[in-house]
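This report concerns only the one structure given below.
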Amino acid sequence: MDAFGTTNRRRFLEQMLKASALIGIAGMPSELFASDEIMKLTILHTNDTHSRIDPFPDNDPKFPGMGGVARRFEIINDVRKTEEHVLLLDSGDIFQGTPYFNMYGGELEFKLMSEMKYDAATLGNHDFDNGIEGFVKQLPHAKFPFLIANYDFSDTIMNGKTETYKVFKKGDLRIGVFGIGIELQGLVDEKLYGNTKYLSPIEKANATAIHLKNEEHCDLIICLSHLGYNYPDSDKVSDVKLAQASRNINLILGGHTHTFIDTPYKYKNAEGQETLVAQTGWAGIRLGRIDYFIGKKSKKISTKSHTVKIST
């Protein structure tokens with residue numbers, strides 16, 4: 001008689017098969033895998049790239065050989081080869097910082113982002129550096145939408161050139177993405193933004209998120225923010241304040257303060273739910289990556305994230 005026993009052997013094999021399956025699906029949260037079908041989404045994100053097309057020179061004291069659009073493109077393509085559902089997003093300040101912007105006014109930046117197949121971006125304060133006229137002039141080169149919920153452009157030539165939000169469908173997932181911009185007054189010369197009206201970022205963010213949740217039936221809601229990460233000694237609205245006052249927002253991808261965040265910070269929102277805040281510094285020297293695992297039935301969410309250093 002087999003001392004191990006048929007029942008024990010079957011149980012052992014089942015456990016081994018489960019273990020093999022978990023190892024084979026890199027980063028798959030076991031607690032979700034055991035009870036529900038998993039939907040995976042990979043988010044790649046940048047912010048404050050500031051016209052940095054080429055890598056920093058090898059003798060740069062802080063970032064030798066780092067950054068560069070060509071290397072970023074390679075990494076993005078490598079991710080797309082291995083992941084089925086990918087979103088590539090940017091949180092503003094695409095313009096200003098190198099002679100490329102001075103010479104071409106943003107044309108090159110938009111063309112390269114289009115080649116990299118960015119899905120959406122929001123506006124930063126430096127994207128107004130050639131005025132709204134200069135921004136509109138370059139828009140035909142951008143094959144992706146600009147999303148902004150709290151700038152009212154109705155009395156400017158930007159009217160109709162941006163969208164409040166966009167819903168992306170990746171497999172069985174619906175992802176709502178919208179943008180929130182920083183107050184321009186006192187930061188940007190008034191003649192550059194004209195009659196653009198700044199609306200409350202927290203009010204507009206929550207109103208947009210409610211719409212995306214209840215009307216668009218989104219499984220995940222992402223805010224592209226150019227508010228800045230945190231201002232601890234100020235009443236100024238930041239990503240931290242937005243996260244804590246928000247409802248229904250799962251992820252805030254920030255910009256403006258050039259903050260390097262290796263792993264997204266977690267905050268409790270107005271309903272006690274978790275909101276993540278991420279940012280990748282500046283100049284395109286890092287690419288942020290957040291992998292979402294969402295239970296198809298339970299809608300339970302788990303994440304795995306890191307930033308990728310871009311170097312030659």
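Some values worked out for this structure:
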item	result
Qualifying residues in the range 243-277 (those that are charged (D, E, K, R) and closer than 16 Å to I222 by Cα) - the one surrounded by the most Cβ atoms within 10 Å (Cβ to Cβ)	R247
The range 218-242 - residue that is buried (at least 24 other Cβ atoms within 10 Å of the Cβ) and either acidic (D, E) or in contact with an Asp or Glu (Cβ under 6 Å, 6 or more places away or on another chain) (or both) and, of those, nearest to L173 (Cα to Cα)	S225
Residue check, A205 outside any strand (DSSP E or B), in contact with a Lys or Arg (Cβ under 7 Å, 6 or more places away or on another chain), in contact (Cβ under 8 Å) with a residue 12 or more places away in the chain and crowded, with 23+ Cβ neighbours inside 10 Å	no
Qualifying positions in the range 208-253 - free of Cβ contacts under 8 Å to residues at least 40 places away in the same chain and in contact with a strand residue (DSSP E or B) (Cβ under 7 Å, 6 or more places away or on another chain)	K213, V240, A243, Q244, I252
Residue list for the range 155-192, restricted to those being part of a loop (DSSP other than H, G, I, E, B), loosely packed, with under 14 Cβ neighbours inside 10 Å, in contact (Cβ under 8 Å) with a residue 40 or more places away in the chain and at negative phi	D155, D172, L187
Single residue of L224, L212, L242 found to be farther than 21 Å from L88 by Cα and not in a loop (DSSP other than H, G, I, E, B)	L242
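Here's the yes/no breakdown for (1) more than 27 Å from K166 (Cβ to Cβ); (2) modelled with pLDDT of 95 or more; (3) outside the structural domain of A278 (by TED's automatic domain parsing):
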| residue | (1), (2), (3) |
| --- | --- |
| G27 | no, no, yes |
| K40 | no, yes, no |
| N47 | no, yes, no |
| D54 | yes, yes, no |
| N59 | yes, yes, no |
| V69 | no, yes, no |
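The values are calculated or read from the model by the stated rules, or taken from the named source; none is laboratory data. All values reported here derive from a predicted model rather than from experimental measurement. Please note: Cβ atoms are built from the backbone with ideal geometry, for glycine as well, and neighbour counts cover all protein chains shown.
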